[in-house]
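First comes the structure, then the notes that go with it.
Read the figures in this text as sums done on the coordinates, not as results from a lab. Since this is a predicted model, take the numbers as computed values, not measurements. Here the Cβ is made from the backbone with ideal geometry for all residues, glycine too, and neighbour counts use every protein chain on show.
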Amino acid sequence: MHPKIPQEKITVGVVFGGESGEHEVSINSARTVLKALNSGLNQNRFNVISIYIDFLGRWWPSSIAQKALEKGIALNEKDLNFPSQTRGFQALPLGSEKVDIWYPVLHGPNGEDGTVQGLFKLMKKPFVGSGVLASAVGMDKLAMKAAFSSAGLPQLPYFSLNAFELSKNNFTEELLHKLKIQFGYPCFIKPANLGSSVGITKASNQEEFLKGLSEASNHDQRIVVEKGVTARELECAVLGGQLLKVSAVGEIKYEADWYDYETKYSQNSSKTFLPASLPKGVSEQIQNLTLQACKAIDAKGMARVDFFYEEEKDQIWINEINTLPGFTSQSMYPTLWQASGVTIEQLVAKLVEIAKE
Ligand SMILES: Nc1ncnc2c1ncn2[C@@H]1O[C@H](COP(=O)(O)OP(=O)(O)O)[C@@H](O)[C@H]1O
Ligand SMILES: [Mg+2]
């Protein structure tokens, strides 16, 4: 037997935090990813460097990143001991020059929307997950819906508006009329560019509708109004490079009226079922639609695609794609793979391998 030649270790740069409402979710996801990259066989394969992006968009080295991971919430000026006049990306922190592969564990604007992917691309360094196009299209609910509709994927009826239009004469009356003739109540009002249900409202009457519009316009100019349904919420994951593998289908159940921020992030408010109890044909259709959704926006590496299933009508609607899905130990993406026989250590290693391709 030949002695095994030790493989050269790959230096992985995990970036987390970020100028986003999902900053803390990102810290939590990063804890899980870092733990998995540093466990078992992965220890012999990867050198891991963590980099923290603070709430003002400034990048910090591992020593500070460690603090954020321990604290579990955004670091403030005192923790950082740095004047707050500077904002945004300044330069890569010390240690970054060694990075072979970047691993963004960022959610929401500036992390999941193609921005940071563009930076990695300019550095000519491989990175985990989707590229600029899929990230940008997947993050913007209107661009995403347009791509899905041209791919012929089933979506709930919706229309869009721009927040500045709300101050126009008669605009509100016209909007109310449009809503009435197109689908009426209940409807959901969503800012196009956020995640984790932030800024989203369910409206069952005119008063709630107007309040929802004003809430959404606090977050984004681009607003989606969508027909509300009572449906089961199903999710399916993909993993792979050229060839995407699709996971089992999972289901989320909760007591609340809908899957809002509270329900998403407070313990015991929701439950995950794996695999979802569904007729085989429905699971297969969902897996098939998941692959089509990835193709429609050119998603690669990883993605989670979410669906509504109206059981009585046997109708599946695609809701959205997440190109950087939550990665906390409770999150659906790693859980879906666990249920499909891929451990979290294998999952992060695979994602790095795919990026290297
Ligand atoms: N059209 C709809 N009908 C019923 N529930 C909806 C609808 N749109 C959104 N929801 C509820 O709101 C949640 C968040 O909406 P979603 O569009 O997935 O936004 P986010 O990107 O913030 O997760 C969904 O998981 C679901 O519970
Ligand atoms: Mg969602």
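Before moving on, here are some points about what is shown:
- Subset of 211/271; 271/300; 145/227; 124/356; 124/145 violating a 22 Å alpha-carbon distance limit: 211/271; 271/300; 124/145
- The stretch 27-103, relative contact order in percent, only Cα pairs under 8 angstrom and at least six apart counted: 29
- Under the membrane-span-like helix rule (DSSP H runs whose alpha carbons stretch at least 24 Å along the helix axis, mean Kyte-Doolittle hydropathy -0.5 or higher), the chain yields 280-297.
- The GluC sites (Glu not before Pro) of the stretch 217-272 that DSSP puts in a loop, and whose beta carbon has at most 14 other beta carbons within 10 Å, are 255.
- The modelled label-to-label distance for the pair residue 256/residue 170, using points 7 Å beyond Cα in the direction of Cβ, is 4.0 nm.
- Taking Lys and Arg as +1 and Asp and Glu as -1, the other residues whose beta-carbon sits under 10 Å from that of residue 189 total 0.
- Dividing the convex hull volume of the alpha carbon atoms of the stretch 10-129 by its residue count gives 95 Å³ per residue.
- For the stretch 285-357, the convex hull drawn through the C-alpha positions has a volume of 105 cubic angstrom per residue.
- Relative to the globular-protein estimate of 2.2 N^0.38 Å, the Cα radius of gyration of the chain stands at 1.02.
- Residue range of the chain that is longest and free of trypsin sites (Lys or Arg not before Pro) which are both DSSP loop and sparsely packed (at most 12 other C-beta within 10 Å): 169-312
- Across q = 0.28 Å⁻¹, the stretch 1-72 modelled as identical point scatterers on its alpha-carbon atoms has Debye log10 I(q)/I(0) values of -1.26, in the order of the q list.
- In loop segments of the stretch 291-338 as defined by DSSP, the GluC sites (Glu not before Pro) with at most 15 further C-beta atoms inside 10 Å of their C-beta are 311, 312.
- Amide proton proximity set for residue 249, modelled H, under 5 Å, gap of 5+: 276
- In terms of overall dimensions, the C-alpha atoms belonging to the stretch 230-357 reach 43, 31, 24 Å along their principal axes, ordered largest to smallest.
- Here the spin labels are modelled as points 7 Å beyond Cα on the Cα-Cβ line, and at residue 313 and residue 91 they lie 5.8 nm apart.
- When you restrict to C-alpha pairs under 8 Å that are six or more residues apart and normalise by the size of the chain, the relative contact order lands at 18 percent.
- Size of the stretch 59-147: Rg and Dmax of its alpha carbons, in Å, are 15.0, 45.
- Centre separation in Å (Cα based) which lies between the stretch 65-126 and the stretch 226-278: 29
- Close amide H pairs (under 5 Å, H built 1.01 Å from N) link residue 11 with 47, 100, 101, residues at least 5 positions away or on another chain.
- The stretch 158-227 - Debye-derived log10 I(q)/I(0), Cα point model, q = 0.14, 0.20, 0.24, 0.25 Å⁻¹: -0.34, -0.72, -1.06, -1.16
- Integer Hz, Karplus 6.51/-1.76/1.60 couplings in order for the stretch 243-251, x for Gly and Pro: 10, 8, 9, 10, 8, 5, 9, x, 10
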